[in-house]
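Here the structure is laid out as structure tokens; the discussion comes afterwards.
Only the coordinates and a few stated rules stand behind these numbers; no lab work does. If you're wondering where the values come from, they're calculated on a predicted model, not measured in any experiment. No Cβ is skipped: glycine too gets one built from the backbone with ideal geometry, and neighbour counts run over all protein chains shown.
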Amino acid sequence: MRTKHLYISVLFPAYLCVSLVLSAAIVSEGKSAAVLKAESFKHYVDTFNENDEELYIQHISNEKAWEFLKANVPLFECPDKDIERTYYFRWWTYRKHIKLTPDGFVITEFLPKVKWSGKHNTINCPAGHHFYEGRWLHKRKYLDDYAVFWFRKGGSVRSYSFWAADAMWARYLVTADKQHVTDLLADLVNNYKEWEKKRLEPDGLFWQIDDRDGMEVSIGGSGKRATINSYMYGDAVAIARIAGLADEKKMATNYQVKAEKIKKLVQAKLWDEKTKFFKTLPRNKEQLADVRELHGYVPWYFNLPDAGKGYEEAWKQLMDPKGFYAAFGPTTAEQRNTRFAISYKGHECQWNGPSWPFATTQTLVGLANVLNNYKQNAITKSDYFETLKIYTKSHQLKREDGRTVPWIDENLNPYTGDWISRTRLKNWRDGTWDAGKGGKERGKDYNHSAYCDLIISGLVGLRPRPDDIVEVNPLVGADTWDWFCLDNVLYHGRIITILWDKNGNKYNKGKGLRVFADGKQIAQSKSIGRVTGRYHLSTN
């Protein structure tokens, strides 16, 4: 009963909604609703290839990129062509990082070899994003191998902070592959215990060096950070759930207790009641850092904060120009702080002000959780959409010939959109690339964040869950778009199609929001909002 209680309280807090639940005995027969035609989006990949300087080729070259995307990724169509193009661009770049090694497939962060990476040029810092994003790929072997690599094939799984168990659970919610995730249970438990040995303080909170959070030169600095403690909370929750799948009841209860303890401590010790924000507590000190930093939203990535106790007030800072809001933001530190900086001197990567896709991803996942799982009035769906639009706009680079091309890199100037580290490294030594810092175009096609998952689980609103219910809650306002469609989503062994057609004349499936599984309608609503539809889980 305790496991069930934790699951409900953490993942699905009480909310008011109108939903339609239809029971349908659906057996997967490889069917597809086929509302969208893959060839309609090939022109994006052709253009990406045409504009690309293919410097570092791994398993899937540009020449084979369309073949890969057509076979593996959900299709997405919407009226906003910037969002639509960026969606396919991010799948196109993700594909570049799939690397075949003697230890199976891995996913890289940088394409050129960097000296601070581990085996096969892997870095665990963004691996959580890799799993959340890659869980939607049809071919499972890529991430199956990648998961095993971290624990059994020489991966440096604790080199940086990494929400490993949570990422495995998040992927399970899409694949429903019980055997794979339970087979990793002992590895996940051992990983957790090693973190406890190295980073657990006597007061029950975990500490981390900001650089090892992948957040170097932060204003709040090292200590008991909202990041590492949220990661450990998320991992404890995930281990409890995976243990439940494996019928390890004692283990499940043990990790429930660990999660509940971290939750209480984060809320008691890392929450600043005066400024209404989660902050860093330096080691051996009583006073919190005097700055709001974007990573203070990470607790919501894991649904950690209790609902209805005022913690949601923190989200008012996201859209505040003195807080985190900027033209190419959000910024990594609040702009009103005296130590906020946008510097082109010193370390090329600084978390004291510049915008970082890594942090923006965490923020948008957390915000989607707030809008789905918390009753509050601090932030709205329109704020999610605007932040996503800003993030989308940042995916560009103006070349010397005047052309603007899709781009993803390291850190951004939040006011101009300039990719700071790229500008720094390109001109580091008399106008030549500094090979000692990672080689030519180190940050090009940088795989340190996510985007497609934000479209699928956030904007379109397919909310992964472990049961036989398909839950959809779009974060698109009723008057924002007249239509959109997400198709060819492999979810629990079925092909899911989600479409919104305000007037009914775009897709000719009727007016409103509709959800299909293997071509059969399982839910619908005249208005855009939360709907659910049921089918029978596969016995595989």
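As a calculated quantity, the FRET efficiency between D320 and D183 at R0 = 41 Å, using C-beta atoms, amounts to about 0.35. Note: the chain, Cα convex hull, 144 Å³ per residue. In this structure, the pairs whose alpha-carbon distance is over 19 Å, taken from K37/K141; K141/K520; K285/K316; K81/K389; K113/K139; K264/K316, are K37/K141; K141/K520; K285/K316; K113/K139; K264/K316.
Arranged from fewest to most other beta-carbon atoms within 10 Å of their beta carbon, E400, E248, E109, E54 become E400, E54, E248, E109.
Report, in deg cm²/dmol and to the nearest 500, the calculated mean residue ellipticity at 222 nm for the chain, where each DSSP H run with n ≥ 4 adds -39500 (n - 2.57) and the sum is divided by the residue count.
The helix-only estimate for the chain comes to -10500 deg cm²/dmol at 222 nm.
Restricting to Cα pairs below 8 Å that are 6+ residues apart, what does the relative contact order work out to for the chain? Please round to a whole percent.
Worked out over the chain, it gives 20 percent.
Coupling constants for region 178-192 follow from the phi torsions by the Karplus curve (6.51 cos²θ - 1.76 cosθ + 1.60, θ = phi - 60°), and in residue order they are 5, 4, 5, 6, 6, 5, 8, 4, 4, 5, 5, 5, 4, 4, 4 Hz; glycine and proline get x. For a label point 7 angstrom out from the Cα of E63 toward its Cβ, which stretches of region 96-116 have the backbone nitrogen within less than 13 Å? No residue passes the distance filter.
Each DSSP beta bridge with both residues in region 2-535 is either parallel or antiparallel, and the antiparallel ones are about 95%.
What shape does region 300-349 take by its C-alpha gyration tensor, where a ≥ b ≥ c are the square roots of the eigenvalues and a/c under 1.5 counts as rounded, a/b above b/c as prolate, and the rest as oblate? Note, shape of region 300-349 comes out prolate. For N508 and Q521, the difference between the fully extended length at 0.36 nm per residue and the C-alpha to C-alpha distance is 3.3 nm.
When H59, H492 are sorted by how many other C-beta atoms sit within 10 angstrom of their C-beta, beginning with the fewest, the order is H59, H492. Taking θ as phi - 60°, what are the ³J(HN,Hα) couplings along region 140-155 by the Karplus curve (6.51, -1.76, 1.60), each to the nearest whole Hz, with x for Gly and Pro? Per-residue couplings from phi come out as 7, 4, 4, 7, 4, 5, 4, 5, 5, 4, 4, 9, 10, 10, x, x Hz. Here the residues F324, F340, ranked from fewest to most Cβ neighbours within 10 Å of their Cβ, fall in the order F340, F324.
Spherically averaged projected area of the convex hull of Cα atoms, region 479-535: 3.8 nm². The value for region 48-125 of Rg(Cα) / (2.2 N^0.38 Å) is 1.21.
Rounded, prolate or oblate: which one fits region 117-156, using the alpha carbon gyration tensor with axes a ≥ b ≥ c (rounded when a/c is under 1.5, else prolate when a/b beats b/c, else oblate)?
Taking the square roots of the gyration eigenvalues as a ≥ b ≥ c, region 117-156 is oblate.
Averaging the sequence gap over all C-alpha pairs within less than 8 Å and six or more residues apart, then dividing by the number of residues, gives region 79-223 a relative contact order of 18 percent. Phi angles across region 447-459 convert, under the Karplus curve 6.51 cos²θ - 1.76 cosθ + 1.60 with θ = phi - 60°, into 3J(HN,Hα) values of 10, 10, 7, 9, 8, 4, 5, 5, 6, 6, 8, x, 5 Hz, Gly and Pro given as x.
Subtracting the Cα-Cα distance from 0.36 nm times the residue separation, let me have the gained length for E39 to K274 in nm, one decimal. Once the chain is fully extended between E39 and K274, it gains 79.2 nm.
Taking 0.36 nm per residue of sequence separation and removing the Cα-Cα distance, the L100/D482 pair yields an extension gain of 133.3 nm.
Distance between the modelled labels on K113 and E386, one decimal in nanometres: 4.8 nm (7 Å Cα→Cβ projection).
Name the shape class, rounded, prolate or oblate, that the alpha-carbon gyration tensor gives for region 278-428, where a ≥ b ≥ c are the square roots of its eigenvalues, rounded holds for a/c under 1.5, and otherwise prolate holds if a/b is larger than b/c and oblate otherwise. It comes out oblate by the Cα gyration axes. For region 172-214, taking the reciprocal of the average inverse distance between every pair of different Cα atoms yields a Kirkwood hydrodynamic radius of 12.5 Å.
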